[in-house]
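Worksheet for the structure shown next.
The values are calculated or read from the model by the stated rules, or taken from the named source; none is laboratory data. Quick caveat: nothing in here was measured; it's all calculated off a predicted structure. Every residue, glycine among them, receives a Cβ derived from its backbone with ideal geometry; neighbour counts consider all protein chains shown. When the accessible area is computed, the model is the full protein with side chains, heavy atoms only, and any ligands, DNA or RNA have been set aside. Shrake-Rupley method; radii C 1.70, N 1.55, O 1.52, S 1.80 Å.
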Amino acid sequence: MEELAEFHRELIADVQGDADAMGLITAEAFLEKIGDILDEAGEVSSLGLCYFDGKDGTKPLHVDAYGWDQDDEEGVLTMAVCDFVLSDEPKSIGKDEINSQLKRLANFIVAAVRQSFREGLEETSKGFVLADLIARSWKKIGKIKLLLVTNRVNKARTDAQPIGEIGGIPVTSNVWDLSRIQRFISSGQTREDLVIDFAADYDGAIPVLKTSFDGAPFESYIAVIPGTQLAAIYDKWGARLLEANVRSFLQARNKVNRGIRDTIRDQPEMFFSYNNGLTATADAVEISDMGEGLFLMSADNLQIVNGGQTTASIHAARKLDQLKDVFVQMKLTIVPPERAEEIVPRISEFANSQNKVNAADFFANHPFHVHMQEFSRRVLAPAGDVHYRESKWFYERARGQFADERARRSPAERKRFDAEFPRTQFFTKTDLAKFENSWRCKPHIVSRGAQKNFGELARVIGEEWSDSKAGADRFDEVWYKRLVAKAIIFRNLERVVPAQTWYAGGYRANIVTYAFAKVVHDAEARKRTVDLDQVWRMQRVPVILERACLVAAEAANDVITNPPTGIRNMSEWAKQQACWSQLSARSVTYEREFHDTLIDPSQARDFKRDQRRERVERDSINAQAEVVLQGGEYWSNVLAFGKSIGKLNPKEQSILGVCAQIPGKVPSESQSRAALQIVTRLEAFY
């Protein structure tokens with residue numbers, strides 16, 4: 001409980017800090033912060049803020065945000081209400097109050113489909129825009145999800161509950177309370193309470209065949225699961241079943257494989273034969289011997305790590321009568337939570353690799369992240385002219401790293417950690433994707449939400465990384481520093497945009513990414529580029545660049561808030577390529593000094609080349625110092641060991657022979673680098 005209380009205090013401080021920095025009310029800052037988490041957790045794609053409070057007759061109505069993807073074939077409409085309470089200690093919220101808050105969301109939906117209600121709203125209001133969207137999309141909506149986001153502790157212990165229908169459309173409710181948010185942020189595990197009771201909730205236990213032998217590292221089973229049962233499970237838990245499956249999470253969440261659907265429709269009895277089946281993991285299972293063999297009764301944290309498209313497609317076809325003839329093979333491995341981070345991604349990767357999946361699909365486990373993490377822990381950011389000491393930026397490769405690093409330190413060590421890694425210099429994978437894709441002039445992709453944007457960057461960087469010539473060299477220390485510079489520009493825009501007189505509120509996130517992209521685009525149009533190295537050195541945005549960004553931001557605001565005739569929803573408009581095309585083609589007037597601050601791209605390339613040369617020289621000197629420090633006797637022993645196992649060629653023996661003569665003879669820098677590589681290789685034979 002004390003841990004939760006501390007998390008609550010830190011969350012309140014973070015939210016208040018964000019609210020002050022960005023000119024938001026605290027509830028709005030809280031919802032923005034949690035919106036990214038919901039997106040990453042697969043709860044909702046691209047949550048758009050949309051405040052409305054009113055009445056329909058005597059019925060209270062309230063909405064704070066919504067999620068709708070017109071390309072989502074599942075047709076899930078998410079309506080969210082925010083409950084943020086400023087308090088020193090965590091407060092609780094009970095079932096009656098939860099139901100009351102969710103009821104106001106449901107009332108809004110019921111009212112929205114009625115023309116008389118919409119006609120009573122001001123056409124420029126957010127309430128009208130949302131009601132109009134619901135009415136226009138009504139025939140495409142297949143499921144309604146009511147979402148309560150709160151910093152209180154849910155005492156009702158209910159989640160993903162079906163609560164009836166609206167106009168024949170099934171409605172479920174979800175609660176993201178303080179405990180659940182804390183679990184996700186600290187460990188990425190929102191699935192702790194994802195317990196699937198096949199026997200009690202899904203028409204019976206599943207017969208299984210145990211395939212692991214006694215003493216095997218992991219328990220494993222083969223099962224055949226009915227399509228109706230799988231569809232019912234997915235209907236309740238949705239993308240949370242696929243969180244460990246990067247491929248499915250990024251690509252298949254909203255897409256239905258037409259081949260799978262055709263098989264279900266035309267030859268359901270052949271589905272088992274034609275389909276590769278599912279690969280799944282679970283933290284733990286309950287298996288019972290019913291006298292007729294083993295049966296899977298329940299599974300804790302079931303994750304489908306391969307077969308996301310199959311699952312989503314079966315769910316999409318659940319209304320077809322043929323689903324009763326569909327059966328799917330499932331390979332299930334039980335991986336204890338303490339080994340899940342190591343093993344589950346590997347099962348996912350190897351299972352998917354058999355289906356010729358692009359390497360970019362595994363971006364969450366990609367060495368690109370390891371590189372960025374290594375740089376972030378090592379590279380000191382200059383103090384610049386705003387800080388009094390050097391510090392570092394903390395890149396969180398796996399969710400929860402930052403919290404873990406702080407938590408395992410003593411209070412005194414934590415102070416030092418906070419000074420080394422200021423909280424304002426912390427960023428995640430999805431933050432990285434926002435910074436980078438804004439720079440790459442893809443603001444419409446950024447506007448589609450954290451996970452879709454992350455998926456797009458995964459595809460591109462996966463391809464760039466796989467280029468063996470450029471590969472890892474492209475994403476070197478200079479690339480990392482420039483990434484941080486992009487973060488500084490992006491976050492500065494987030495801070496200054498709300499203070500502008502032309503800003504009416506509501507689309508800050510869209511305006512920021514569009515403005516950043518516009519500045520980069522206009523610089524490139526002049527065959528110039530923004531000097532990111534200067535931003536890195538200063539650790540802030542130069543005044544002239546900030547003013548240029550605000551010129552672009554005002555233009556972005558005008559384009560986003562004035563969509564073409566027929567488009568009323570500005571958030572949806574910002575997701576379209578046409579929106580970016582309109583802004584990129586618009587002429588804006590920057591100060592003359594801004595053009596003078598831009599640099600020739602060749603200067604940026606030369607700088608990177610010089611930095612690389614300096615790094616190589618520095619590494620060589622360090623290598624030579626390390627070799628000399630080891631002494632001649634050490635290298636004599638290495639030489640003797642290498643010879644004894646026959647793993648040294650003549651050139652390597654010669655290099656080690658020189659090292660063995662230390663201090664009488666000192667190896668060159670290149671010989672020193674080679675000697676260290678040799679000893680690293682030989683360590684495998686010790």
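Assuming charge only on the beta carbon of Lys and Arg (+1) and of Asp and Glu (-1), the dipole of the chain about its Cα centre is about 1460 debye to the nearest 20. In the chain, the DSSP beta bridges split such that about 65 percent are antiparallel, to the nearest 5.
Per residue, the chain exposes an accessible area of 46 Å² to a 1.4 Å probe, with every protein chain left in place.
In plain terms, if you count all Cα to Cα distances in the range 406-545 and split them into 10 Å steps from zero, the share in each step is 10, 34, 35, 16, 4, 0 percent. Label-to-label distance for K527 and E593 is 2.7 nm, based on points extended 7 Å past Cα in the beta-carbon direction.
Ratio of Rg to Rh for the range 482-625: 1.09 [Cα atoms; Kirkwood radius as inverse mean 1/r over pairs].
How big is the equivalent ellipsoid of the range 532-609 along its three axes, where each semi-axis is √(5λ) from the Cα gyration tensor, reported in whole Å from largest to smallest?
The three semi-axes for the range 532-609 are 31, 14, 12 Å.
Straightening the chain between R540 and A5 buys 189.2 nm, computed as 0.36 nm per residue apart minus the Cα-Cα spacing. For the range 365-598, the average shadow cast by the Cα convex hull is 14.0 nm², which is a quarter of the hull's surface. If you take the square roots of the eigenvalues of the alpha-carbon gyration tensor of the range 374-456 and sort them as a ≥ b ≥ c, do you get rounded (a/c under 1.5), prolate (a/b over b/c) or oblate? Verdict is oblate for the range 374-456. Placing unit charges on the Cβ atoms of the charged side chains and taking the dipole of the chain about its Cα centre, the candidate lying farthest along the positive direction among V81, S125, V543 is V543. Membrane-span-like helices of the chain, defined as complete DSSP H segments with a Cα extent of 24 Å or more along the helix axis and a mean Kyte hydropathy of at least 0.0, are identified as 477-496, 508-525, 543-560.
Is the C-alpha gyration tensor of the range 625-686 telling us rounded, prolate or oblate? Criteria: a/c under 1.5 is rounded; beyond that, a/b larger than b/c is prolate, otherwise oblate. It comes out prolate by the Cα gyration axes. Bridgeable aspartates and glutamates around K527 (alpha carbons under 18 Å apart, same-chain partners fewer than 8 residues away excluded): E591, E593, D596, D600, D606.
The value of relative contact order for the range 20-124, using C-alpha pairs under 8 Å at least six residues apart, is 21 percent.
The label point for R406 and the one for K91, both projected 7 Å from the Cα toward the Cβ, are 2.3 nm apart. Just one of [x] 45.5; [y] 41.8; [z] 36.7 is mean projected area of the Cα convex hull in nm² calculated from these coordinates, so which is it? From the options [x] 45.5; [y] 41.8; [z] 36.7, the structure gives [z].
The length gained on full extension between R265 and D235, counted as 0.36 nm times the residue separation minus their Cα-Cα distance, comes to 8.9 nm. Keeping the other protein chains in place, figure out the carbon and sulfur percent of the accessible area of the range 618-682, with a 1.4 Å probe. Roughly 52 percent, rounded to a whole number. For V195, the residues whose modelled amide H falls within less than 5 Å of its own, excluding neighbours fewer than 5 places apart on the same chain, are N301.
Here the accessible area is traced with a 1.4 Å probe on the protein chains. For the range 374-492, carbon and sulfur cover 50 percent of it.
A straight line joining the Cα centroids of the range 516-552 and the range 63-90 runs 34 Å.
Using the Cβ-Cβ distance between F218 and D289 with R0 = 22 Å, the FRET efficiency computed as 1/(1 + (r/R0)^6) comes to roughly 0.60.
The simple spin-label model puts a point 7 Å past each Cα toward its Cβ; for D132 and S584 those points are separated by 2.8 nm. The stretch between V379 and I621 holds 85.3 nm of extra length on full extension. This uses 0.36 nm per residue minus the Cα-Cα distance.
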